[in-house]
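Worksheet for the structure shown next.
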Amino acid sequence: MPLVFLGKAGYFSTMDTATGKLAAAKARAEKVRAGIFERLRSALFTGIVVTVPIVLTLYIAWRILMFADSLVDPLIPPAYNPNHLLLHNLPGLGLVIVVLFFIVVGVLAKNFFGRVLIRISEAIVTRLPVVSPIYKGVKQVFETIMSDHASAFREVVLVEFPGGGMWALGFVTGATVEKMKFLAGDEMVNVLLPSALSPTCGLVLFVPRKKLRVIDMHVEEAFRLIISGGMVPPPPEAVAVAKS
């Protein structure tokens, strides 16, 4: 290789070129590393979003099965218990027995002798001082929820709460009792406002129907929106324009 002598200007020019190439190479390497990190982070969050709901659903279903088994298993005599006969537990057996029990009770309740037995049982329970109000309240709630004509949770509404142009998402659970109509002198309804992230808690408001904004949204979509704290909005086609 021939020996080349560079002047001062040529030397610094060569150094600047080498330094620029090195900086460009470092920038490309940083960009590649950043791209790999972003892809890994995106894959991680995608895996969490896909896996966690499935795992939680399976876990909750498993816990329900185990809870039903723990309630039913002690009530079955060992000689007739399939878990003892097969020498291992059958997951879900308790839930099957509970469902069959409800079916049998429902069939008996529809015939004459079943209705007489239920009336006698209710007459005894309703005379107990502490148990009577609890039984009546629980029975009324279940009859309302299980009724084919129940209107509870069939309307998703917006109600101005706590005020000042702020709106809350709620569900109409029924008509307000006649004694409370003096508040507005108009038709009033009961509105349940579930709490975000904890829908088992919330507020019950008595609101004039004319002050509600009914939304054409599925109840399931509204519940998902509330439970997620607004992070899981419904698809655009699931919500129509609010109306009075």
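None of the figures in this text is laboratory data; all of them are computed from the coordinates on show. Quick caveat, the model's predicted, so the values are computed rather than measured.
Descriptive notes on the structure:
- Near the amide H of residue 189, within less than 5 Å, lie the amide hydrogens of 176, 207, 209, all on another chain or at least 5 residues away, with H placed in the peptide plane.
- Around the amide H of residue 167, modelled in the peptide plane, lie the amide H atoms of 161, all under 5 Å away and 5 or more residues distant in sequence or on another chain.
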